[in-house]
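Worksheet: one structure, shown below.
The values are calculated or read from the model by the stated rules, or taken from the named source; none is laboratory data. Computed from a predicted model, the values in this text were never measured in an experiment. Here the Cβ positions follow ideal geometry from the backbone for every residue, glycine too, while neighbour counts run over all protein chains shown. Side chains are part of the model used for accessible areas, which takes the heavy atoms of the whole protein and leaves out ligands, DNA and RNA. Shrake-Rupley method; radii C 1.70, N 1.55, O 1.52, S 1.80 Å.
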Amino acid sequence: MVRKKPGEDIDERSLTVTDPKRAAAGIQGVLTSLQRSVQQMGVARSAKALPLLNQSAGFDCPGCAWPDPRAADGDKRKMAEFCENGAKAVAEEATTRTIGPEFFAEHPVSELAQRTDYWLGQQGRITHPMILREGEDHYQAISWDEAFEVVADELNRLDSPEEAAFYTSGRTSNEAAFLYQLMVRSFGTNNLPDCSNMCHESSGAALNETIGIGKGSVSLTDIEHADLVLVVGQNPGTNHPRMLSSLEKVKRRSGRVVAVNPLPETGLMEFKNPQNLRGLVGDGTSLADEFAQIRVGGDLALFKALAALILQAEETAPGTVLDHDFLRRYTHGFTEFARQARHIDWDDVEDSTGLPRAQVERIATMLVNSERTVVCWAMGLTQHKQAVPTIREVVNVLLLRGMIGKSGAGVCPVRGHSNVQGDRTMGIWEKMPETFLAALEGEFGISAPRRHGFDTIETLRAMHRGQCRAFVAMGGNFLAATPDTTATETALRGCELTVQISTKLNRSHLVPGRTALILPTLGRTERDTQGTGDQFVTVEDSMSVVHASSGRLQPASPHLLSEVAIVSRLARGLLGPDHPVSWESFERDYDRVREHIAHVVPGCENYNQRVRHADGFVLPHPPRDTRTFPTDTGKANFTVNIPDPIHVPDGRLLLQTLRSHDQYNTTIYGLSDRYRGIEGGRRIIMVNTADIAEFGFHDGDVVDVVSEWRDGGRVVEERRAEAFRLVAYSTPRGCAAAYYPETNPLVPLDAVADTSNTPTSKAIIVRLERV
Ligand SMILES: Nc1nc2c(c(=O)[nH]1)N[C@H]1C(S)=C(S)[C@@H](COP(=O)(O)OP(=O)(O)OC[C@H]3O[C@@H](n4cnc5c(=O)[nH]c(N)nc54)[C@H](O)[C@@H]3O)O[C@H]1N2
Ligand SMILES: Nc1nc2c(c(=O)[nH]1)N[C@H]1C(S)=C(S)[C@@H](COP(=O)(O)OP(=O)(O)OC[C@H]3O[C@@H](n4cnc5c(=O)[nH]c(N)nc54)[C@H](O)[C@@H]3O)O[C@H]1N2
Ligand code: SF4
Ligand SMILES: [Mo]
């Protein structure tokens with residue numbers, strides 16, 4: 001992909017690097033929220049938007065999936081129940097900047113393709129449906145009716161529905177997601193790849209196998225009442241900022257926090273809570289009692305060592321460490337697990353983790369002494385070749401002391417997108433279980449295909465083989481979010497049809513199939529008025545709480561349709577007038593959609609009534625609620641997980657790709673990675689000072705990053721990303737970090753996690769080359 005060289009719309013030469021910050025949030029966070037809000041929305045719209053954010057009568061934050069406090073748990077919502085990055089997410093969506101047909105007339109696609117992702121996103125909200133016809137270089141306005149006709153005709157022309165893939169990103173509401181999967185299955189395919197395939201799929205796979213449900217088992221109250229919280233492979237200060245308030249509560253109640261991370265992320269160290277005066281002007285609360293600066297990919301070795309130390313503690317003081325009653329009544333496979341788990345080879349542990357033995361022992365002692373332990377994790381665990389075994393090992397460690405289905409304890413995969421968990425609950429998955437498909441058929445009189453569909457990686461492979469020829473995206477930025485950008489570009493260009501249902505311009509719009517459409521949609525913050533009046537939608541957070549979200553701002557353009565309307569109208573064209581689903585009824589009144597959700601989706605009985613409660617309601621979670629484990633054995637399964645450490649050859653680094661403080665996935669809010677002290681640019685790579693010296697470079701040098709894909713030890717493919725500035729940073733020897741999506745061209749399509757097929761975006765073998 002050709003891009004403008006650094007220095008054209010972002011001047012990377014003006015990048016500055018200073019020491020990382022000591023504490024997260026505080027007054028600077030508040031100032032940045034206000035500044036970005038006013039910049040994008042103006043004073044009046046900001047003053048309207050921010051007080052509605054995360055309030056019962058307002059809209060759910062379009063940022064992350066961290067839950068809101070609930071009155072049902074004895075907690076009150078404060079007036080400002082959001083964080084700096086939530087305010088940025090709102091500002092980004094509710095911006096008053098717009099781009100319409102004139103913009104596309106002025107800027108040909110070939111020119112837009114040269115711009116950075118930052119520039120593209122900053123242009124504003126798309127106001128009209130647009131089409132890029134074969135051979136043209138300009139998107140042109142098209143009427144909604146004609147747009148739906150083109151899409152339906154193209155899809156119906158395919159040899160088989162299996163030649164189309166329907167992607168979903170995790171911001172889509174439950175109502176839109178439910179209708180979307182119904183449309184796709186009615187059409188005749190399960191090709192429903194989603195962003196979750198690149199995100200928490202590994203968590204889902206590991207948890208389904210071990211505890212019988214792929215969701216976290218804790219509530220906000222559980223976390224806040226835990227006496228030990230492990231935060232592993234997660235940077236909450238940036239990506240789930242209000243989680244810091246919960247960690248602060250843990251500390252106030254004398255609980256302990258352990259951070260396991262290759263980087264000393266500021267938000268794990270100290271927090272200045274902007275919701276109180278002390279946090280604004282006084283000292284912060286220090287968070288991590290123990291910071292384990294682990295090597296990238298070392299977590300399986302760490303958790304195996306922890307399990308072994310817990311078992312050894314039990315041998316030393318029999319009957320005092322393990323929860324024998326829990327093990328006997330609720331688990332399966334303990335004996336075999338314990339037989340292989342007792343032994344530790346400390347050399348291997350130190351090689352893989354880089355952690356001193358004494359520190360691993362201290363953490364094990366904390367686990368042994370804690371009555372209520374929660375383990376939280378995110379992409380630092382899920383985006384590895386051995387992600388699934390690693391998360392299974394986390395479960396082993398928790399099971400030993402009965403930490404599931406007990407208050408103040410459990411597993412907490414912290415979800416990314418604000419409704420990614422809800423979308424799955426509503427059926428966005430390429431392999432939904434038979435019970436769901438049968439319920440869908442029973443409710444609607446349709447016939448749902450049974451063959452599993454393509455996930456994200458399989459979609460890309462099928463495009464390369466010419467077996468996927470049409471691509472529809474409900475949100476997201478498929479091109480920039482997926483691995484192997486150059487190959488993905490070829491894959492998308494090979495499609496006959498690409499359709500993006502979007503709010504803002506992004507790179508996926510610029511890599512079109514033969515015919516490409518942009519269908520612009522309302523965002524979560526906007527008023528959604530239909531035949532029966534103003535509508536609300538529903539979402540599910542990371543802790544299975546389902547609640548309503550009502551957009552209240554004036555829409556960016558009168559020409560926008562809601563996601564529900566887009567799917568309903570498209571379905572009518574695609575499936576024809578005789579289709580048994582009454583598609584025309586949904587758009588007028590979203591209650592009609594929710595009535596069906598209530599009948600089809602387990603746990604959603606009386607949906608319309610329960611989502612109208614100010615706090616919403618909590619979906620059932622058998623392990624959490626009753627220690628029932630719906631696994632193949634009917635119990636929580638211990639598993640035996642054998643580490644297969646990554647071998648990094650001499651002169652190479654293991655690169656993890658992560659988020660700056662100023663982006664939302666592929667959406668770049670700004671150029672300030674404030675906590676890490678990196679300002680004004682994004683093409684940087686953080687490397688240990690000793691490695692920089694060993695490779696003969698200096699801090700500040702500009703290098704190309706070249707990834708090496710090996711087969712049987714031999715390099716078979718190389719990929720290159722140009723012009724990254726070296727930043728000497730505190731990261732373990734041999735481990736580097738750089739931002740996504742700039743580094744996605746380095747991630748080989750075949751570099752995926754076992755079982756979950758998630759790209760291994762946190763472990764790419766690279767070398768640095770002088771430019
Ligand atoms: N503001 C903002 N909020 C967001 C997002 C955003 O882009 N911006 N994205 C949303 C989404 S979709 C998601 S999935 C989440 C992502 O939330 P995170 O998972 O916190 O996001 P990353 O930036 O990928 O950070 C991964 C963290 O894991 C660490 N890490 C990397 N490799 C390893 C490893 O091998 N072991 C361990 N123990 N740690 C490791 C990194 O140093 C980093 O701190 O955030 C959500 N929230
Ligand atoms: N190298 C590397 N790659 C990664 C990751 C990584 O850590 N490293 N992380 C992975 C993860 S965890 C994830 S979740 C994926 C994210 O992948 P995606 O979900 O595909 O990407 P986003 O950047 O979140 O999508 C942003 C776009 O969504 C559209 N949008 C925003 N709001 C709405 C809305 O309300 N409705 C609709 N219809 N569209 C909307 C806008 O047009 C915007 O440009 O990326 C993955 N890729
Ligand atoms: S923590 Fe997440 S959901 Fe909450 S306000 Fe911040 S970005 Fe929004
Ligand atoms: Mo994600």
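Any idea what the relative contact order of the chain is, in percent, if you count C-alpha pairs under 8 Å spaced at least 6 apart?
Relative contact order for the chain comes out at 21 percent.
If you average the alpha carbon positions of the range 407-423 and of the range 609-664, how far apart do those two centres end up, in angstrom?
Answer, in whole Å: 8.
Roll a 1.4 angstrom probe over the protein heavy atoms and tell me the percent of accessible area of the chain that is carbon or sulfur.
Here it works out to 50 percent.
Given q = 0.11 Å⁻¹, what are the Debye log10 I(q)/I(0) values for the range 219-323, with equal point scatterers placed on the Cα positions and solvent ignored?
Debye output, listed in q order: -0.41.
Would you kindly derive the ³J(HN,Hα) couplings of the range 445-451 from the backbone phi angles with the Karplus curve 6.51 cos²θ - 1.76 cosθ + 1.60 (θ = phi - 60°), listing them in order in whole Hz, with x for Gly and Pro?
Along the range 445-451, the couplings run x, 9, 10, 9, x, 9, 5 Hz.
With +1 on each Lys and Arg Cβ and -1 on each Asp and Glu Cβ, and nothing else charged, work out how big the dipole of the chain is about its Cα centre, in Debye to the nearest 20.
On the way: 83 positive and 100 negative charges, 328 e Å.
It comes to approximately 1580 debye.
So with the 1.4 Å probe, I'd like the accessible area per residue for the range 218-372, rounded to whole Å².
40 Å²
Mind checking the full-extension length gain between Gln609 and Gln39? Use 0.36 nm per residue of separation minus the Cα-Cα distance, one decimal, nm. Please list the in-between numbers first.
Numbers: separation 570, 0.36 × 570 = 205.20 nm, distance 3.90 nm.
Fully extending the segment from Gln609 to Gln39 adds 201.3 nm.
Out of all Cα-Cα pairs in the range 87-152, roughly what percent, to the nearest whole number, are more than 14 Å apart?
Cα-Cα pairs in the range 87-152 separated by more than 14 Å: 65 percent.
In the chain, what cysteines have no partner Cβ closer than 4.7 Å?
Cys with no partner Cβ under 4.7 Å: Cys61, Cys64, Cys83, Cys195, Cys199, Cys468, Cys495, Cys604, Cys735.
If you place +1 on the Cβ of every Lys and Arg, -1 on the Cβ of every Asp and Glu, and leave all else neutral, what size is the dipole of the range 653-770 about its Cα centre, to the nearest 20 Debye?
I would put it at about 200 debye.
For the range 519-615, what mean projected area does the convex hull of the alpha carbons give, in nm²?
Computed as one quarter of the Cα hull surface, the answer is 7.2 nm².
Per q in 0.18, 0.19, 0.20 1/Å, what log10 I(q)/I(0) does a Debye calculation on the alpha-carbon atoms of the range 653-770 return?
These q points yield log10 I(q)/I(0) values of -0.94, -1.04, -1.13.
In what order, largest first, do Glu587, Glu605 sit by accessible area if the probe radius is 1.4 Å?
Sorted by accessible area, descending: Glu605, Glu587.
Provide the gained length on full extension for the span Asp699 to Gln140, in nm with one decimal, where the gain is 0.36 nm per separating residue minus the Cα-Cα distance. Show your work: numbers first, answer last.
On the way: separation 559, 0.36 × 559 = 201.24 nm, distance 4.70 nm.
Length gained, Asp699 through Gln140: 196.5 nm.
For the cross-link pairs Lys76/Lys272; Lys21/Lys249; Lys251/Lys762; Lys21/Lys78; Lys76/Lys249; Lys78/Lys249, which exceed 24 Å when the distance is taken from alpha carbon to alpha carbon?
Lys251/Lys762; Lys21/Lys78
Per residue, how many Å² of accessible area does the range 653-770 show with a 1.4 Å probe? Display every interim value, and only then the final one.
Numbers: 3650 Å² over 118 residues.
Counting only protein heavy atoms, the per-residue value for the range 653-770 is 31 Å².
Of all alpha-carbon pairs in the range 201-413, indicate the percentage at a distance above 27 angstrom.
27 percent
Could you give log10 I(q)/I(0) at q = 0.08 Å⁻¹ for the chain, computed by the Debye formula over C-alpha point scatterers of equal weight, without solvent?
-0.62
Calculate the dipole size of the range 201-413 relative to its Cα centre from +1 charges on Lys and Arg beta carbons and -1 charges on Asp and Glu beta carbons; express the result in debye to the nearest 20.
600 debye
Starting at the first residue of the range 309-324, write each ³J(HN,Hα) from the Karplus equation 6.51 cos²θ - 1.76 cosθ + 1.60 with θ = phi - 60°, in whole Hz, x for Gly and Pro.
Those phi angles translate into 5, 5, 5, 5, 4, 5, 5, 5, 10, x, x, 10, 10, 6, 8, 4 Hz.
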